[in-house]
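Heads up: the structure comes next, in structure tokens.
The values are calculated or read from the model by the stated rules, or taken from the named source; none is laboratory data. All of these numbers come straight from a predicted model, not from anything done at the bench. Using ideal geometry, Cβ is built from the backbone for each residue, glycine included, and neighbour counts are taken over all protein chains shown.
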Amino acid sequence: MSAGLFKAPTKNYWSTTLNGSLDDDDTTITLNSATNLQYPGYLVINREDNAGTATSGSREVIKFTGIDGSDITGVTRAADNSTARSHADGSLVEATYTVGMHNDQRDAMNAEHAVAGTHSIIASATITTANVNTLNVATFVPTTSVPEVGGQFMWSRSGALATVLAATAGDTHFPYLLATKELTINSFYASLTSAPSTAVLLFDISHGSTPTGDFTSIFTSVGHVDIGEYTSTSSASPAILSLTSLASGSLLRAEMGSHGAAGGLGAVLQCTSR
């Protein structure tokens, strides 16, 4: 089992006993009760005997990934450098916080955070465009390393977009973002801050393998975002995803098709690891 965020029981001081004896290679374990237990989780068998006496020579730490009635399934024996042992019927089984559980949680959190505990999502980049209105991005030159993103991609701009996103050579628009995991794309959200206007804003996101290679839109229908009432002339419509699976190593490029009359933009692509 890889590192992850494991679940504690829903009740403090959770314990039960084995229902039947256990060999040292069994990977399905029957308990007398699994009530309040959640998975995936950790358990300790034979921390002490039924008289409350510590039994260091009989202890074993296990991990598990499922619960089926009173059985725990997907069991990893001898976790946390303990020893796989045979255990007698009625042996004590407890949900006790272990060194391995702590370290697995730390490893999972450390993969998404900087040393200071913060997320590092966006780095600055320079995009040279031929004409931003035609969604034609000619070259990409990162000013720092390409930012690594695990599960959420964000782009934003403040100020009048027609001014801050003027189509001039060397102008900075949106950085490329790099997927560092195999991801499932769940949803896309875009917001504008502006006075009411019938001029729509078009915002596209495309994916590719290299900055200089071909890029393909992740939408079957690119989003047209409007502020104010929708009219027959605004052509406002939501973005419709065509891509639901994003490979690790893919680059995402945000592109402005039309500035509209908006005064600020926020866009989020929400993903989950798979």
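Across the stretch 122-131, not a single residue is classified as of a type in the set (A, V, I, L, M, F, W, C), surrounded by fewer than 17 Cβ atoms within 10 Å (Cβ to Cβ), in a loop (DSSP other than H, G, I, E, B) and at pLDDT 65 or above. Filtering the stretch 3-55 to residues that are within 28 Å of ARG274 (Cα to Cα), free of Cβ contacts under 8 Å to residues at least 60 places away in the same chain and either of a type in the set (Asp, Glu) or not assigned by TED's automatic domain parsing to the domain that holds ALA79 (or both) leaves LYS7, THR10. Taking SER86 as the residue in question, decide whether it is surrounded by 19 or more Cβ atoms within 10 Å (Cβ to Cβ), in contact (Cβ under 8 Å) with a residue 60 or more places away in the chain and not acidic (Asp, Glu). When the stated conditions are applied, SER86 does not pass them.
Just one of the listed residues (THR16, THR35) is among the hydroxyl-bearing types (Ser, Thr, Tyr), part of a loop (DSSP other than H, G, I, E, B) and either out of contact with any Pro (no Cβ under 8 Å at 6 or more places or on another chain) or at pLDDT 95 or above (or both), and it is THR35. One residue stands out in the stretch 181-200 among those that are crowded, with 16+ Cβ neighbours inside 10 Å and within 23 Å of LEU251 (Cβ to Cβ): the one that is modelled with the lowest pLDDT, namely ALA190. Within the stretch 89-109, the set of residues being closer than 21 Å to LYS11 by Cα and of a type in the set (Asp, Glu) comprises just one member, GLU94. For the stretch 242-252, does any single residue satisfy the condition of being closer than 13 Å to ALA190 by Cβ and either outside any strand (DSSP E or B) or modelled with pLDDT of 85 or more (or both)? So far as the stretch 242-252 goes, no, none of its residues is closer than 13 Å to ALA190 by Cβ and either outside any strand (DSSP E or B) or modelled with pLDDT of 85 or more (or both).
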